[in-house]
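Everything below concerns the one structure shown next.
The values are calculated or read from the model by the stated rules, or taken from the named source; none is laboratory data. No experiment lies behind these values; they were computed from the predicted model shown. Note that we place each Cβ from the backbone using ideal geometry, even for glycine, and neighbour counts take in every protein chain shown.
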Amino acid sequence: MVQAQDDSIEKILRHYADVQGGLLPCLHALQAEWGYIVPAAIPRLAKAFNQSRAEIWGTLSFYSFFKTEPPKPFQIQICQAESCQAMGARAIFKSVTAYIAQNSHLTDVVDIEAVYCFGNCACSPCARIGDQVLGEVSAKQLNTAVEDMVAGGGSD
Ligand code: FES
């Protein structure tokens, strides 16, 4: 398992290391492989891109898209950009976060994330459950959608 992971990291690094501006596409490829940036990749990224580990971590922490921990099986994203914010998205985010935290069958399996615009602003506030973007959502609707997603075992 570890050797297979090492081999995959090396293969991805070889593909991007000599590409100008290759770090970000490399990070995307690594995340696509495991759903997050595995810790073993960090020192190798530093070496391949001639940067310090701190610089690699700096890039990872700057872009919220990149994950440094394994994702939970179910994902919900709630838009916090201007249009959705104007339509109450901050309160919705807090409410859904609290709902997940208060329900132990959800806490360990659902990741909730603030994101910034799905390009669906006319239907603000918006959220994504699994692969499905929902518009004009309420906290109550999202709580139900999260329950349905987890009960159904799928992302849509
Ligand atoms: S601001 Fe939320 S979808 Fe655009």
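State whether the residues of the range 55-62 include one that is modelled with pLDDT under 95 and acidic (Asp, Glu).
Taking every residue of the range 55-62 in turn, none turns out to be modelled with pLDDT under 95 and acidic (Asp, Glu).
Does residue 148 satisfy the condition of being among the charged types (D, E, K, R), outside the structural domain of residue 36 (by TED's automatic domain parsing) and not in a helix (DSSP H, G or I)?
No; evaluated as a whole, the condition is false for this residue.
If residue 125 satisfies all but one of (1) modelled with pLDDT under 95; (2) surrounded by 13 or more Cβ atoms within 10 Å (Cβ to Cβ), what's the number of the condition it fails?
(1) is the only condition that residue 125 fails.
Please state which of the following conditions residue 90 fails to meet, knowing it meets all the rest: (1) touching a strand residue (DSSP E or B) at 6+ places or on another chain (Cβ under 7 Å); (2) over 26 Å from residue 58 (Cα atoms); (3) among the charged types (D, E, K, R).
Unmet condition: (1).
Among the residues of the range 102-113, are any within 20 Å of residue 134 (Cβ to Cβ), surrounded by fewer than 16 Cβ atoms within 10 Å (Cβ to Cβ) and polar (S, T, N, Q)?
yes
Take the conditions within 30 Å of residue 106 (Cβ to Cβ) and either touching a Pro at 6+ places or on another chain (Cβ under 9 Å) or in the same structural domain as residue 98 (by TED's automatic domain parsing) (or both) and apply them to residue 33. Does it pass?
So residue 33 fails the test.
Quick one: which residue in 72, 140, 67 is basic (Lys, Arg) and within 30 Å of residue 17 (Cβ to Cβ)?
Step by step, each of 72, 140, 67 is checked, and only 67 is basic (Lys, Arg) and within 30 Å of residue 17 (Cβ to Cβ).
Can you list the helices (runs of 4 or more DSSP H) found entirely within the range 30-130 that contain at least 1 residues being of a type in the set (S, T, N, Q) and away from the ligand (no atom under 11 Å from the Cβ)?
Filter on the range 30-130 gives 53-62, 89-102, 104-107.
Within the range 133-146, can one find any residue that is more than 13 Å from the ligand (Cβ to nearest atom) and closer than 26 Å to residue 63 by Cα?
Yes, that holds for at least one residue.
Just wondering, is there one or more residues in the range 40-47 that are modelled with pLDDT of 95 or more and under 25 Å from residue 152 (Cβ atoms)?
So far as the range 40-47 goes, no, none of its residues is modelled with pLDDT of 95 or more and under 25 Å from residue 152 (Cβ atoms).
Scan the range 31-87 for residues that are of a type in the set (Val, Ile, Thr) and in contact with a strand residue (DSSP E or B) (Cβ under 8 Å, 6 or more places away or on another chain) and jot them down.
Within the range 31-87, the first condition is being of a type in the set (Val, Ile, Thr), and the residues that meet it are 37-38, 42, 56, 59, 68, 76, 78.
Scanning the range 31-87 gives 76, 78.
Anything in the range 49-98 that is over 16 Å from residue 112 (Cβ atoms) and hydroxyl-bearing (Ser, Thr, Tyr)? List them, or say none.
Passing the criteria: 52, 59, 61, 63, 68, 83.
In this structure, does residue 118 turn out to be outside the structural domain of residue 25 (by TED's automatic domain parsing), touching a residue at least 24 places away in the same chain (Cβ under 8 Å) and not aliphatic (A, V, I, L, M)? Give the derivation first.
On the way: outside the structural domain of residue 25 (by TED's automatic domain parsing): yes; touching a residue at least 24 places away in the same chain (Cβ under 8 Å): yes; not aliphatic (A, V, I, L, M): yes.
Criteria met by residue 118.
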